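The values are calculated or read from the model by the stated rules, or taken from the named source; none is laboratory data. As the structure is a computational prediction, the values presented were derived from the model and not from experiment. Neighbour counts are summed over all protein chains in view; Cβ atoms, including those assigned to glycine, are modelled from backbone coordinates with ideal geometry. Accessible surface areas use protein heavy atoms only, side chains included; no ligands, DNA or RNA. Shrake-Rupley method; radii C 1.70, N 1.55, O 1.52, S 1.80 Å.
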Amino acid sequence: MTTEDPQPGTAGEAGLEPVELIRQSGTVQRAGRLALASGHGSYRVKSHMERVGRSLGLDDVKAHVALTEITTTSVRQQIFRTEVSEVRTVGINADRLAELENYIGDLSVRESVDRVERELDRIATKPPLYPPWANALSAGAACAAFAFLNNGGPLECAAVLVAASVGQYLRRSLIHRGINQFGVTMLAAAVACLAYLGLVFVVGSAAGLPGQHVAGYVSAVLFLVPGFPLVTGALDLARLDFSAGISRLTYAVMVLCSAALSLWAVSAIVGLEPNPPVAAALDPVLRWSLLTIASFVGVLGFALMFNSPWRMALGAAGVGMVANVMRLALVFEWDLAPQAAAAAAALLVGLLARWIATPLRVPRLTVSVPAVVIMVPGVAAYRAVFEFNGGDSVAALGFTVDAGLVVAALAIGLAASRMLTDREWTFEQRRGL
């Protein structure tokens, strides 16, 4: 007696499925998702997936990577498998990036899927290096250093330290609850601004200290600057990967606009004008010593906020300190255009990051991004939004161009450093047509 197949045409289909290729493709896709969700650019995500694929025995791996999506085709002999996956969380985890870089870079010629999956499990489940309060305090210290670089005094820097820490703690808590990132950005910016203004007014009034509010007001929200998407997006564009680059830059601009709108709204309510603060009169030696310390602390704080191990954070802080002090000297002592100084500083950051990252066994991106974040012209960007909302389009366009030129110069400097030190960036791959 025979039993009829309830679904004609499917008999024996399970035996025809390339089960091993399916498992290999899934592991390759997972490695790419981990790298993308941790902040890597399209180029490095593709590189990781190709290395994992070769180690697992695949003949070729082709990937299309955007900000939140990966499409991968894995090829083995005469068969192939294409998978599409989505990464909805856009975040930064420098420690995970380093773990992936070291593990995937050391993969043997032939690894089993089970062994690779176990290692990816370990990397994916590794908890953050620092508790939430330490992460928030790192952001506060970085923003306080930025306030000093923006000519803030002791009162402004202290208020920024508290306000930015509160804002980052709130932001981190809400993001981990899955709340919309742009809404969280606006709320965190508003809370940080209000906390800063409240502290300055209350403490300043009680102690009789005048406050240059703009110096700290903008600096209090600089923990929201999307440094990794800005840099990785620019680097993707430099490699002609327009889909990844444009999507990353669009995301970064939307985050910046969300924070700037909160800045403007709070300033409009309290009647704060974005007048540029005046630098305090200090002895030149003391002034440059403090600028050097502030540059080091600022980069160190941003690096720790990105969950960098201490060796990585200290390396980034050293690189950023040298480059930022050079940039400030080029602008204030030698009257070089800000965008030209920014390009030179970013080039130096890229070259030093290459020299530092190799012995530390960390990705160059985790060293270079914190070092250039402190050079982002946050005050100019804020004044552009303020003038747009105030109806002065001419002034707004001027500040927009100023900020845009500096950001573009930072990207050009980093891209140039990659071309000088990475053969794969210098020579395009030539394929037959």
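Compared with the direct C-alpha span, the chain from L360 to W133 gains 79.0 nm at full extension, assuming 0.36 nm per residue. Think of it as helices only: each DSSP H run of n ≥ 4 in the chain is worth -39500 (n - 2.57), and spread over all residues that comes to -23500 deg cm²/dmol at 222 nm.
In region 89-217, taking the dipole from charged Cβ atoms about the Cα centre, the farthest positive-side position among V116, G204, L137 is held by G204.
With protein chains left intact and a 1.4 Å probe, residues in the chain average 47 Å² of accessible area per residue. Can you pull the percent of region 122-195's accessible area that's carbon plus sulfur, 1.4 Å probe, other chains left in place? Percent of accessible area from carbon and sulfur atoms in region 122-195: 71. Relative to the Cα centre, the charge distribution of the chain, modelled as +1 at Lys and Arg Cβ and -1 at Asp and Glu Cβ, gives a dipole magnitude of about 620 debye. Extending 7 Å from Cα along the Cβ direction at R118 and again at W334 yields two label points whose distance is 5.6 nm. Using Cβ point charges alone (K and R +1, D and E -1), the dipole size of region 90-231 about the Cα centre works out to roughly 340 debye. When only alpha carbons of the chain are considered, Rg and Dmax amount to 24.1, 101 Å. Using equal-weight Cα scatterers in the Debye expression, the normalised intensity of region 312-405 in log10 at q = 0.14, 0.18 Å⁻¹ is -0.58, -0.80. Judged by the mean number of other Cβ atoms found within 10 Å, the most tightly packed of the peptides 125-132, 255-262 leads the ranking 255-262, 125-132.
Please build a GNM for the chain, connecting alpha carbons under 10 Å apart, and tell me which residue among A145, A252, A342 fluctuates the most. Of A145, A252, A342, the most mobile in the Gaussian network model is A252. Among the DSSP helices (H) of the chain, those spanning at least 15 angstrom by Cα along their long axis with an average Kyte-Doolittle hydropathy of 0.5 or more are 132-149, 154-176, 181-207, 227-238, 242-270, 284-305, 310-332, 338-360, 393-421; this is a geometric and hydropathy rule only. Full extension of the chain between A268 and T421 gives 50.3 nm of extra length, using 0.36 nm per residue less the Cα-Cα distance. Sorting 369-375, 178-184 by their mean Cβ neighbour count within 10 Å, with the most densely packed peptide first, gives 369-375, 178-184. P(r) for region 152-203, from all Cα pairs and a bin width of 5 Å, is 4, 24, 27, 19, 12, 8, 5, 1 %, short bins first. Region 83-122 and region 367-421 have Cα centres separated by 33 Å.
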